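See below for the structure under consideration.
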Amino acid sequence: MLYFDFNATTPVIPAARQAWLDATDQFAGNPSSQHRVGTRTDHALNEARDFLADYLGCTADSLVWTSGATESNNTVLHHAHATLPDDAEVWISAIEHPCVMQSTRRFFPQSHRLIPVSPSGVVDLDWLSHELADRRPGLVAVMAANNETGILQPWQEILVMCQQYEVPFLCDAVQWIGKLPPAGLGQCDYLSGCAHKFGGPKGIGFLKVPSGRPVKPLLVGGPQEEGRRAGTENVAGVLSMIAALRHRAELIDRGEHESRLQMRRRFEEGLLSRLPESRLTGGDVPRLWNTVSAIMPQTDCRVRWVVKLDKLGYAVSTGSACSSGKEEPSHVLSALGLLPGEAGRVLRFSSGWETTEEQWNELLEGLLKARTLMEG
Ligand code: PLP
């Protein structure tokens, strides 16, 4: 099977697998225990925290281990709900992941606003600066890169605007971390990430919060993580996540993402020339080097493309993992102004660091074959 669904999740890379196995052998203690088996484990956890803090450019005491980005983002909205005044608003981009969208609706059902995006899929900075000049929300949330389209968002500019107006800023950087340089991310008030998008295991992630300030925890029942997240830490998961991140950081440092971007571009040129009725989503704006979102030529429905490609040996997606299989068009594609008929024909191809040019070429051949089979 040729896997082109890395934005949904990535296989665990060997370095991360080894780190997980080593950790289960070497750090069997509970990091909260007072004896040496426990303190050794706690020490390993702190070293991992130091590495991540250094990588992101924040202090170690501002990092909280979580079960993944869904929990991280829910924690921020829960905290905002528990601590902001009753009349506070939360503004989130119209293309946020469902875990931000739905927790916002849950905690701020009547008092949230959606920040619009341009037809190219980029958050509208003019709208935001205009609205911020007028009133102050209690929280602004904009993701770093969109999971369905790969379109990069101007989070650096939004961070500066939020700092200027003293509005806390949450950046869901799940799809950015481990793919692109992290510079500046650690300055966001809240930042979420998870291991399984960059070669680490599922079920482990982190949340960066403002240093030295309490967080109203989502999970209660223990003093772990300075009272910000109860529950025994997933030590092997953390160490495995950090091993994966170290590996990806080296590739990013060497600028290896540039050559991956060229691969993606060559695939797109091939797609548009050999399937001329296809169109790219966000084709005119910067996107993640690994993500192609394309409106495919007309067939019965997009699931047919996925099913046909699956039978031919290609794993691709119709959008976010959460939207797949549903009939209604994704909220992300709708926010970009795609009509239901167009959104229904969007396929997402997302590669990994290890994906080769030959595999991109093979995918293109697979698409042509699937098209011929569906016409026949
Ligand atoms: N945010 C974004 C942008 C994502 O792509 C995902 C995963 O699909 C999540 C949040 C949720 O992350 P997790 O699977 O760690 O809960």
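Tabulated data
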read-out	value
Sole residue being surrounded by 24 or more Cβ atoms within 10 Å (Cβ to Cβ), of a type in the set (S, T, N, Q) and assigned by TED's automatic domain parsing to the domain that holds Cys188, chosen from Ser240, Ser211	Ser240
Hits in the range 354-365 (condition: over 12 Å from Tyr3 (Cα atoms) and in contact (Cβ under 8 Å) with a residue 40 or more places away in the chain)	Glu357, Asn361, Leu364
Cross-chain or 6+ apart pairs with Cβ under 6 Å, the range 174-185 first and within 10 Å of the ligand (Cβ to nearest atom), then part of a loop (DSSP other than H, G, I, E, B)	Gln175/Asn147; Trp176/Ala144
When residues of the range 55-66 are limited to those that are in contact with a Gly (Cβ under 9 Å, 6 or more places away or on another chain) and assigned to a strand (DSSP E or B), the one farthest from the ligand (Cβ to nearest atom)	Trp65
Complete set of residues in the range 186-227 that are away from the ligand (no atom under 16 Å from the Cβ), outside any loop (DSSP other than H, G, I, E, B) and closer than 15 Å to Leu159 by Cα	Gly186, Gln187
Only one of Leu251, Leu239, Leu245 that is within 23 Å of Cys58 (Cα to Cα) and within 16 Å of the ligand (Cβ to nearest atom)	Leu245
Qualifying residues in the range 131-146 (those that are in a loop (DSSP other than H, G, I, E, B) and farther than 16 Å from Leu191 by Cβ) - the one farthest from the ligand (Cβ to nearest atom)	Arg135
Only listed residue being more than 30 Å from Met263 (Cβ to Cβ), surrounded by 18 or more Cβ atoms within 10 Å (Cβ to Cβ), at pLDDT 95 or above and touching a Phe, Trp or Tyr at 6+ places or on another chain (Cβ under 8 Å), chosen from Trp65, Trp91	Trp65
Residue within the range 67-87 that is of a type in the set (Ser, Thr, Tyr), more than 16 Å from the ligand (Cβ to nearest atom) and touching a residue at least 12 places away in the same chain (Cβ under 8 Å) present	yes
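The values are calculated or read from the model by the stated rules, or taken from the named source; none is laboratory data. None of the values given here were measured: they were computed from a predicted structure. Cβ coordinates were reconstructed from backbone atoms using ideal geometry, including for glycine residues, and neighbour counts include every protein chain displayed.
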